[in-house]
1. Identify all residues within the range 144-159 that are over 13 Å from S224 (Cα atoms) and either in contact with a helix residue (DSSP H, G or I) (Cβ under 8 Å, 6 or more places away or on another chain) or modelled with pLDDT under 95 (or both); write none if there are none.
2. Could you please let me know if S21 is in contact with a Pro (Cβ under 6 Å, 6 or more places away or on another chain) and surrounded by fewer than 20 Cβ atoms within 10 Å (Cβ to Cβ)?
3. Step by step: first the residues of the range 77-114, then only those that are touching a helix residue (DSSP H, G or I) at 6+ places or on another chain (Cβ under 6 Å) and not in a helix (DSSP H, G or I), then the one that is nearest to Q33 (Cα to Cα). Which residue is that?
4. Hey, Q203 hits all of (1) part of a helix (DSSP H, G or I); (2) touching a strand residue (DSSP E or B) at 6+ places or on another chain (Cβ under 7 Å); (3) farther than 24 Å from Y62 by Cβ but one; which does it fall short on?
5. Can you work out which of the residues in the range 180-203 that are crowded, with 17+ Cβ neighbours inside 10 Å and free of Cβ contacts under 8 Å to residues at least 24 places away in the same chain is farthest from L144 (Cα to Cα)?
Amino acid sequence: MPESEKHHIRSLNVFSQMADSHFDRLTRGAYVQNFPPMIDLIAEGDQSDFLHILLSGSVELYSSWNGRETTMSTVWPVSTFILAATIKDAPYLMSARTLEKSRVVLLPSSDVRETFDADPDFARAIVTELAQCYRSVVRNTKDLKLRSSVERLANYLLRQQKRANGAAVFTLHTEKRRLASSLGMTPENMSRALKNLRAYGVQVDGNRVTITDQSDLEQFAKPSPLIDDYRV
C-alpha cells in the first residue's frame, strides 16, 4: 500500500493515536483496490473477513428482506465500514456497493482484532467510534419514529445546507431514489413531500435545492441537536 494512502488512514481518529509499530504491522497485510460503480463489496450475512476503508468515491450500505430493499446510509471518504462486525467477528448486518468509481483499503479483520488486543490507544479509539455509531443509530431511530416524512425531509435538507456552509443554494449529492429509501419513504412520497415543502420556501430543480425562506423552513422542521447534530 502506498505511503500516501497510509497517511490518509493514519489521519482517521480510529488510527491516529495508536503506536507506530502496531500501525505498521496492521497495514502490512492491507491492500488497496479500485472498484467500478455498482459493484457489491460485501453481502449481509457473510462473515466479516475485512475492515473496509473508503479512500475515494462513495459506497451505499443497504439491506434487503422478503423482496424489499432499503438504503441504510451512504459512506463518504475517508471513513471505515463496517467496524462493528469486524470487532465482534460476526456476520455483516448490511450489504455494501459502490455508487461510483471507488478506491477501498481492505484490512484483514483478524489483524484488526489482534491490534485491538495489543494497543490500548487503538482499542479506546475503536470504542469511541462504535459509541458514535450507536448514537447515530439512536438519532436515526428518533428521526424515523418521531417525525413525519415531510419533517424528516425538511430536517435532512437543513443538515445538507449546514454542510454547504449555510448556502441558500446547494446540491444534493445523493440520488433521490436512494435518499427516499434512507429517509424511510417511497419515491412517490418523496415527490409529494418536496411539493409540500414549497410552502415553506424550498425549491428543488433536479439535485439543486434553493431555500428562499430560511425562517419558515426552520419553524416547520424544528431541528433538534439531539437528533440532527451528529457531533454531539
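1. Scanning the range 144-159 gives L144, S149, V150, L153, L157.
2. no
3. Here the answer is V78.
4. Among (1) part of a helix (DSSP H, G or I); (2) touching a strand residue (DSSP E or B) at 6+ places or on another chain (Cβ under 7 Å); (3) farther than 24 Å from Y62 by Cβ, the lone unmet condition for Q203 is (1).
5. Checked the range 180-203; the qualifying residue farthest from L144 (Cα to Cα) is G201.
The values are calculated or read from the model by the stated rules, or taken from the named source; none is laboratory data. Because the structure is predicted, anything quoted here is derived from the model rather than measured. Neighbour counts are summed over all protein chains in view; Cβ atoms, including those assigned to glycine, are modelled from backbone coordinates with ideal geometry.
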